[in-house]
Amino acid sequence: MTMLGDAAHLMPPYAGEGVNMAMLDALELAECLLSNDYPDSRIAIAAYEKQMRARASETAKMTMEQTEALHSANGLTHMLGMFEINS
């Protein structure tokens, strides 16, 4: 058994990455399962899980940084700055 999407990624929702992660998880899992690089599904799933954990840890780090920034004393300023258009 393997998990993908929100069930596999423990992180707060502040970056809105849940559906993006789920879609990429499904794509990568399908690619591994259909690849001729792996002799069986168990090894294909293990390969998927290895690349998913590496990718998810980067996104989780960014999400935690944004969570901290949004809950800081300057959270509102930080949030407004993300929507500023530089012309």
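Return the pair list, or none, for Cβ contacts closer than 7 Å from residues in region 30-45 that are part of a helix (DSSP H, G or I) to residues that are surrounded by fewer than 12 Cβ atoms within 10 Å (Cβ to Cβ) and not hydroxyl-bearing (S, T, Y), at least 6 apart or on different chains.
No pair meets every condition.
Could you list, in sequence order, all residues of region 57-79 that are under 18 Å from D25 (Cα atoms) and touching a Leu at 6+ places or on another chain (Cβ under 9 Å)?
A60
Across region 46-76, what is the total count of residues that are part of a helix (DSSP H, G or I), surrounded by 11 or more Cβ atoms within 10 Å (Cβ to Cβ) and either at pLDDT below 90 or in contact with a helix residue (DSSP H, G or I) (Cβ under 8 Å, 6 or more places away or on another chain) (or both)?
21
The values are calculated or read from the model by the stated rules, or taken from the named source; none is laboratory data. It should be emphasised that the depicted structure is a prediction, and the values quoted were computed from it without experimental measurement. No Cβ is skipped: glycine too gets one built from the backbone with ideal geometry, and neighbour counts run over all protein chains shown.
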